[in-house]
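Q: Once you've had a glance at the structure underneath, I'll fire off some questions.
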Amino acid sequence: MLGEGILKGLAETARNFAGSYVSKERLTTVQYPEERVAPIEATRDFPFLVYDGEDAFAGLRCVSCQICEKECPPKCIYIEKSKDKKPDYVGKPQNYPVRFDIDISVCMSCQICVEVCPFEAIKMDTVFELATDDRFGGLLLDREKLSKSNEYYHTIHPTEAMEVDARLAEEKAKVEAKAKAAAEAAAAKAAAAPAAKPEAPKPTGGAE
Ligand code: SF4
Ligand code: SF4
């Protein structure tokens, strides 16, 4: 019948409208901000930087490779790479971002920065109440504001964070096994090398 779908849709809307007076499950809205709906695990809005441990600087995973900066479609990430290095999670010396800003007034929440990061250093947050009347300073988030702990990551995206932890632990174990094998090979080589010949005594000079 012509228009059957429209009539069905209207009937469903009317059923939900009338039903919402007697059944809370049919309520699709809440009285925000007094009432709030907790974000679901798949919620994504703006990126943040993950750090491990207690120290936001020492544990920052970002190595300032600038891939995210290059790949960000609206170019709203600004990174300045350090001249010195600090150890990463496997102890390898790496650069770090002296400056890492994201202009969230430009960010379109596409998550490309997260997908291209090879270091699991940038993830999507669920915080959305970021309105401010400070158009420039208030919406340009710097490294300090962007840095959040791995524990926080676990609270907002537990499944994903556990997978990331498992991946990083696996990579760390591989690096440590490789280093151990190299050290053992070096020790075995040193042990197998013939002992150095004692130096022959130097001839003494003629009669004085
Ligand atoms: S989410 Fe998209 S737009 Fe926002 S910083 Fe990442 S790459 Fe850029
Ligand atoms: S967040 Fe990831 S991709 Fe971006 S600079 Fe840091 S390590 Fe590189």
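Values in this text are rule-based calculations from the coordinates and carry no lab data. Keep in mind that this is a model prediction, so the values were computed, not measured. Neighbour counts are summed over all protein chains in view; Cβ atoms, including those assigned to glycine, are modelled from backbone coordinates with ideal geometry.
Q: Along region 125-134, what does the Karplus equation 6.51 cos²θ - 1.76 cosθ + 1.60 (θ = phi - 60°) give for ³J(HN,Hα), rounded to whole Hz, x for Gly and Pro?
A: 8, 10, 6, 10, 7, 10, 4, 8, 8, 9
Q: For a label point 7 Å from the Cα of Ala56 along Cα→C-beta, name the residues of region 121-158 whose backbone N is under 11 Å from it.
A: 142-149
Q: With bins 10 Å wide starting at 0, give me the P(r) of region 47-163 over every alpha carbon pair, in whole percents.
A: The calculated distribution, bin by bin, is 14, 47, 34, 5, 0.
Q: List the residues of region 51-70 whose backbone N lies under 16 Å from a point placed 7 Å from the Cα of Glu171 along the Cα-to-Cβ direction.
A: Within reach of a label on Glu171, which here means backbone N under 16 Å from a point 7 Å along Cα→Cβ, region 51-70 contributes 51-53, 59-68.
Q: Taking C-beta distances below 4.7 angstrom as the pairing criterion, name the unpartnered cysteines of the chain, in sequence order.
A: Cys with no partner Cβ under 4.7 Å: Cys62, Cys65, Cys72, Cys76, Cys107, Cys110, Cys117.
Q: Once you have a ≥ b ≥ c as the square roots of the Cα gyration tensor eigenvalues for region 39-102, tell me rounded if a/c is under 1.5, and otherwise prolate or oblate according to whether a/b is larger than b/c. Don't skip to the answer; put the middle values down first.
A: Values: a/c = 2.41, a/b = 1.27, b/c = 1.90.
Oblate.
Q: Do any GluC sites (Glu not before Pro) in region 3-66 lie in a DSSP loop with no more than 15 other beta carbon atoms within 10 Å, and if so, which? It would help to have the intermediate numbers written out before the result.
A: Values: sites: Glu4, Glu12, Glu25, Glu34, Glu35, Glu41, Glu54; in loops: Glu34, Glu35, Glu41, Glu54.
Hits after loop and neighbour filter: Glu34, Glu35, Glu41, Glu54.
Q: How far apart, in nanometres, would the label points at Glu4 and Ala18 be if each is projected 7 angstrom from Cα along the Cα-to-Cβ direction?
A: Spacing of the two 7 Å Cα→Cβ label points: 2.3 nm.
Q: Further question on the same structure: Of the listed peptides 156-168, 62-74, what is their order by residue-averaged count of other C-beta atoms within 10 Å, with the highest listed first?
A: Values: 156-168: 14.6, 62-74: 17.4.
Final packing ranking: 62-74, 156-168.
Q: So for the chain, averaging the separation of alpha carbon pairs under 8 Å that are six or more residues apart and normalising by length, what relative contact order in percent results?
A: Working: 236 pairs, mean separation 43.2, N = 208.
Over the chain, the number comes to 21 percent.
Q: Over the chain, what per residue volume does the convex hull of the Cα atoms give, in whole Å³?
A: Values: hull volume 57.7 nm³, N = 208.
Roughly 277 Å³ of hull volume per residue.
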